[in-house]
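Report on the structure given below.
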Amino acid sequence: MLGIVALSLDHWENYYRGGLLATCPTGTAGSYDQEVRQAWVDFFKPLAEDACIVDVGCGNGAVALIARETAAGINRRWNIHGTDLARINPTKYVPDGARLFSGVTFHPSAAAESLPFANTSVDAIATHYVLEYTDVPAALAEFIRVLKPGGRVQFIIHHHQSQLVDNANWSIREAEIVKESGVYRRLGQLIDIEGQVKQVVDKRTADLRSSIQTLKHMLQQAAQAGHGTILRVTLDAVQKLLELRKQYPATHVHKEIDRVRAELRAAVRRLKDLTKAARSEADINELKAQAEKAGFVDVEFSPQLHAGYHLVGWRVTARVPE
């Protein structure tokens, strides 16, 4: 049964402030590439001069940027907009954003269920890993409201068997291993007793080394399966924090430990959002029925691949009757 995924908006906003264009899969330029990019290029290309395009749930504007680049490639001018529930600002946070997004209008704090556009004013709506996080019937009704007769939509939606979901589940488990190891707690304890009785310091040092060895061992196992990012990042962070304690007082290092742990918790929340939002074929069939009930026609869906064989989502297309 399709439902609303309660997003942790604060950590998504922090994620976007980091400046990354897209989540994944991404190419060397940091945006969607190969079949995923082509799916968007094919969707945009038929649009006429001065068409109005809205990238709903745009994040840092990856799909809006593909629309802009597609327009430039075929010498066409479109009115491109990006909306997001988060307080986005791609022109500020994405490197070279002012140039990349020249001519694109962004609308922060705009829900998919309540878009800032007049009735029948939009030619095409794009969403990439967005619709599955919304109140789907309400969002579809809003899309119908703002789209012109003949207007088209394309949604790329998380697939419950995709590589992205598999990676997310691995990373969630790795974060649990980090928590179970107590590595950050033991690091904090070692810092707190710096300069005390040697036997106590030695004991805390041995505890921390034990946690580090556990993480290294688990990293070896995860790496064999092509994973291990969370474990690798944690070991790197611990090493940097150990170096930091040689230069700064304990209070400063504790603040850095708290910051690193908060970032890990935020990453886990984001990954759990993703896994909850992923849809099975039965879910997509239900979405198709909801889209048809809302007034869309020619609703079609297919698996979306990347790099030839990696399953990364569902591709759903539909249009408003003329």
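Values quoted throughout were computed directly from the atomic coordinates according to the rules given, and no laboratory measurement underlies them. For clarity, every value in this text was computed on a predicted model and none was experimentally measured. Ideal geometry is used to build each Cβ from the backbone, glycine not excepted, and the neighbour counts take in all protein chains shown.
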Can you give me the distance in nm between label points at Ser210 and Glu263, each placed 7 Å from the Cα along the Cα-to-Cβ direction?
2.8 nm
Kindly flag which residue pairs out of Lys216/Lys276; Lys203/Lys246; Lys179/Lys216 have an alpha-carbon separation exceeding 21 Å in this structure.
Lys216/Lys276
How long is the gain from Asn89 to Ala282 if the chain were fully straight, where each residue apart is worth 0.36 nm and the alpha carbon distance is subtracted?
65.9 nm
Hey, with R₀ at 30 Å, roughly what FRET efficiency would Thr23 and Ala98 work out to, going by the Cβ-Cβ distance, to 0.05?
0.85
On average over all directions, what projected area in square nanometres does the range 164-274 have, based on the convex hull of its Cα atoms?
6.7 nm²
Of Ile177, Ile193, how do they rank once you tally other Cβ atoms within 10 Å and put the fewest first?
Ile193, Ile177
Which angle from 0 to 90°, rounded to the nearest 10, does the C-alpha axis of helix 136-146 make with the longest principal axis of the chain?
40 degrees
For the pair Arg77 and Val41, the simple spin-label estimate (label points 7 Å beyond Cα toward Cβ) gives in nm 2.4 nm
Can you give the extra length, in nm with one decimal, that the chain gains between Gln161 and Asp202 once fully stretched, where that is 0.36 nm per residue apart less the Cα-Cα distance?
10.1 nm
In nm, what is the difference between 0.36 nm times the number of residues separating Ala307 and Ser109 and their Cα-Cα distance?
67.9 nm
Can you spot the aspartates and glutamates whose alpha carbon is less than 12 Å from Lys198's alpha carbon? Ignore those fewer than 8 places along the same chain.
none
For the chain, average projected area of the Cα convex hull in nm²:
17.9 nm²
What relative contact order, as a whole-number percentage, does the range 126-194 give when Cα pairs under 8 Å and 6 or more residues apart are counted?
34 percent
Mean separation of Cα pairs under 8 Å and 6+ residues apart, divided by the residue count of the range 65-164: what relative contact order is that in percent?
24 percent
Quick check: the angle from helix 198-224's long axis to the longest principal axis of the chain, C-alpha only, nearest 10 degrees?
40 degrees
Computed FRET value (nearest 0.05) for Arg173 with Ala289, which takes r as the C-beta separation and R₀ as 45 Å
0.85
